[in-house]
Amino acid sequence: MKCFSEGKLGDAMTKNVPIINIKNVSYRYEQEPVLTEINLSIHSGQFWGVIGPNGSGKSTLLKLLLGLLEFKQGEIELFGEKIRAFQQWERIGYVSQKANSFNSGFPATVFEVVRSGLVKKTGLFRPYPKDIREKVKKALDKVEMGAFIDRNIGELSGGQQQRVFIARGIINEPDILILDEPTVGLDVQRVQSFYQLLKKLNQENGLTIMMVTHDFAAMSEGLTHIALLNRQLIFAGQIEEFKMDDIWPQFLYGPQEPFVYYQQSGGHGDA
Ligand SMILES: Nc1ncnc2c1ncn2[C@@H]1O[C@H](COP(=O)(O)OP(=O)(O)OP(=O)(O)O)[C@@H](O)[C@H]1O
Ligand SMILES: [Mg+2]
């Protein structure tokens, strides 16, 4: 298996340290709890889909993982290190929600967008401009967008823009790529080819992926693991172990009152 950064990944694999380890984390913005007692471990080589409806706390979970929100309860470890001490952020690639919504007037080329993800290197090891262009081209080739390097970002379709943002997310050769709602705004066909691309990056390049989405169709496309989130984790495990029928009511209506739907709709009597 070809890896993005074999040395670093090798460390994580031999020690079997999870890339992401969320331990009993709860979070509230003000009064209302948004996440309750979340436990989730993501290991090297896995492709996780974190699936939940609007407002279920998906983006909040990602912001906690990326150190953008402070939490009081629980602990998050990245590569075995407590998040408050963690500094190797270049090992984590991130594509945010709504990354692909540039209009045609946006004054940046594909090259500039991808380059903007590069973590600045200082001193003797600062790369030459030629090396930077090669790095950008290599990342774009991985998402089949190498030919678009000098095009204006705003002239590309939503699906092409999304691929460019994946290239930006992997420019530092991270160990894990985290994506928030990457398929919003794409038509069905483009969604399929986008999932194929992620599957390829996972299976052929050994890139660990955590994708957050409300798209249930994502379940069938190359995921190795699935987490169902509705403010609590309803399920987290291997995709083969996932049985939709058992947990569908809990997922929609929360684990506290799993069968409310059946009672309210009345008369089914199968709750
Ligand atoms: N900065 C904030 N301050 C207060 N409440 C917030 C804030 N951000 C999000 N929330 C609330 O927290 C809950 C979870 O929001 P979050 O954005 O994590 O959900 P989500 O699962 O990502 O939703 P979506 O599918 O719409 O992206 C929502 O009820 C939201 O209104
Ligand atoms: Mg969100």
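Give a residue-ordered list of calculated ³J(HN,Hα) values for the range 221-227 (Karplus: 6.51 cos²θ - 1.76 cosθ + 1.60, θ = phi - 60°; whole Hz; x for Gly, Pro).
Couplings: 10, x, 5, 9, 9, 9, 10 Hz.
Mind sorting Asp215, Asp141 by how few other Cβ atoms lie within 10 Å of their own Cβ, fewest first?
Values: Asp215 17, Asp141 13.
By the 10 Å Cβ count, ascending: Asp141, Asp215.
May I ask you to order 227-234, 153-160 by the average number of other C-beta atoms within 10 Å around their residues, highest value first?
Working: 227-234: 21.6, 153-160: 16.9.
So the order, starting with the most tightly packed, is 227-234, 153-160.
For Gln97 and Val188 in the same chain, what is the full-extension length gain: residue separation times 0.36 nm, less their Cα-Cα distance, in nm?
Values: separation 91, 0.36 × 91 = 32.76 nm, distance 1.82 nm.
Value of the extension gain: 30.9 nm.
Set the Förster distance to 22 Å, then compute FRET efficiency between Glu155 and Lys200 from the Cβ-Cβ distance, nearest 0.05.
On the way: r = 25 Å, r/R0 = 1.15.
E between Glu155 and Lys200, to the nearest 0.05, is 0.30.
Going by how many other beta carbons lie within 10 Å of each one, how would you line up Ser56, Ser26, Ser193, fewest first? Don't skip to the answer; put the middle values down first.
On the way: Ser56 23, Ser26 16, Ser193 12.
Neighbour counts put them in this order, fewest first: Ser193, Ser26, Ser56.
How do the peptides 59-68, 44-53, 167-176 rank, highest first, by the average count of neighbouring beta carbon atoms within 10 Å per residue?
On the way: 59-68: 18.8, 44-53: 21.7, 167-176: 23.3.
Most protected by this proxy first, the peptides run 167-176, 44-53, 59-68.
Just want the ordering: Arg91, Arg190, from fewest to most Cβ atoms lying within 10 Å of their own Cβ. Provide the component values of the computation, followed by the final result.
Working: Arg91 21, Arg190 17.
Arranged by neighbour count, lowest to highest, Arg91, Arg190 become Arg190, Arg91.
When the chain is fully extended, how far beyond the present Cα-Cα distance does Lys63 get from Met244, taking 0.36 nm per residue of separation?
Working: separation 181, 0.36 × 181 = 65.16 nm, distance 2.75 nm.
That pair, Lys63 and Met244, stretches by 62.4 nm at full extension.
Which part of the range 54-85 falls in the paramagnetic zone of Ser26, meaning amide N under 17 Å from the point 7 Å along Cα-to-beta-carbon?
Only 57, 61, 70-76 pass the distance filter.
Considering the zone a paramagnetic label at Ala108 would reach in this model (a point 7 Å from Cα along the Cα-to-Cβ line), which residues of the range 164-194 have amide N under 13 Å from it?
164-169
In nm, to one decimal, how far is the Asn16 label point from the Glu144 one, both placed 7 Å along Cα→Cβ?
3.8
Where a number appears in this text, it was derived from the coordinates with a stated rule and is not lab data. All values derive from a computational prediction rather than experimental measurement. Reconstructed Cβ throughout: ideal geometry from the backbone, glycine too, with neighbour counts over all protein chains shown.
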